[in-house]
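The values are calculated or read from the model by the stated rules, or taken from the named source; none is laboratory data. All values derive from a computational prediction rather than experimental measurement. Cβ placement follows ideal geometry from the backbone for every residue including glycine, while neighbour counts extend to all protein chains displayed.
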Amino acid sequence: MQSKLAVIIGGTSGVGKHTAIDLANQNYHVIIVGSRADKGRQAQADISQATGNQAVQLALADLSTKTGVQQFAHQLAAMTDHIDILLNSIGVMLPERHLSADGYDLNLVLNYLTHFWIIQALLPLLKHSDQARILLVGALPFVINHAKVSLPDFDAPATSKYNAMTVTAQATAARVLLTLALSERLTATNVTINIFHPGYVPDSNFGAGGSWVSRLAGRILGESFSRKNSPIGAWLATAPELTHTSGHFYDDRLRQVPLSKQYTRSKANDLWRLSSQY
């Protein structure tokens, strides 16, 4: 086992797989986490072949429920006694409203609640590292700073006018607030948390379930305004100068981006209290 361990949720494609390759190239022991065995095994082979690093493992998990997340945490605890890097790159945009087994909107679950649950479940392993880093994935700075920042309604009833883009945008803003809330709560620990815009990653599956119009728009925006295959994820995970940096948003060109005044500590704390009820 390598001395440094990175756990990458959603590491079988897109941002997660790209960052896994970057970290494997730096001799990290990498555990990629996915839900499909065939896709996961292929990603595992791709990463090892691209880097020559054989310390790449696959963990399969259903992270759409809190119970599934807790089972995954137990599985991981049997594999390692610490985590140095936790990257949560899981994300979807389902065009229609679907409910998880717990009865919550899957767009809200997979784009926000799962992130909250995973961090909570894996904090003990993160605290066993000499210096652990949690990384979340955001969006274009323009999108982040022009989003409507409000608390998600996890118990919202079904409506005939469901807007997946609105829900996923709300979940993205919630991840920013989660970054602020956690950075405050982790101040006295050896764990930091930051969020970043990953740039344009061609094999990302985000929005794959949406219409061809939304997929095309996403590709055009990505290619036009983002750096292709940015090293931002691996840089945030390994840069020595970021050892004590926490609670910030970075773009795909490795620059710290100020957040709009909508992202307040008060909202972050309100979201924390709300999330803790689920």
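Of note:
- Pick from the stretch 155-203, criterion in a loop (DSSP other than H, G, I, E, B) and among the β-branched types (Val, Ile, Thr), ranking: surrounded by the most Cβ atoms within 10 Å (Cβ to Cβ): VAL201
- Taken over the stretch 103-115, the criterion of being surrounded by fewer than 24 Cβ atoms within 10 Å (Cβ to Cβ) and either within 17 Å of LEU86 (Cβ to Cβ) or in contact (Cβ under 8 Å) with a residue 60 or more places away in the chain (or both) is satisfied by TYR104, LEU108, LEU110.
- Condition met for THR159 (closer than 30 Å to LEU76 by Cβ and among the hydroxyl-bearing types (Ser, Thr, Tyr)): no
- The stretch 96-139: number of residues that are part of a loop (DSSP other than H, G, I, E, B) and either in contact with a strand residue (DSSP E or B) (Cβ under 9 Å, 6 or more places away or on another chain) or among the charged types (D, E, K, R) (or both): 9
- Scanning the stretch 14-70 for residues that are among the hydroxyl-bearing types (Ser, Thr, Tyr), touching a strand residue (DSSP E or B) at 6+ places or on another chain (Cβ under 8 Å), within 21 Å of GLY91 (Cβ to Cβ) and not in a helix (DSSP H, G or I) yields one hit, SER35.
- Of everything in the stretch 57-101 that is modelled with pLDDT of 95 or more and of a type in the set (Asp, Glu), the residue that is surrounded by the most Cβ atoms within 10 Å (Cβ to Cβ) is ASP84.
- Scan of the stretch 232-252 for residues that are farther than 19 Å from ARG185 by Cβ and exposed (fewer than 14 other Cβ atoms within 10 Å of the Cβ), ordered by number: ALA239, PRO240, GLU241
- Only one of the numbered conditions (1) out of contact with any strand residue (DSSP E or B) (no Cβ under 6 Å at 6 or more places or on another chain); (2) at pLDDT 95 or above is violated by THR192, and that is (1).
- Pairs where the first residue, in the stretch 141-154, is part of a loop (DSSP other than H, G, I, E, B) and the second is of a type in the set (Asp, Glu), C-beta under 7 Å, 6+ apart: LEU151/ASP270
- Hey, ASP130 within 16 Å of ALA6 (Cα to Cα) and surrounded by fewer than 20 Cβ atoms within 10 Å (Cβ to Cβ) or not: yes
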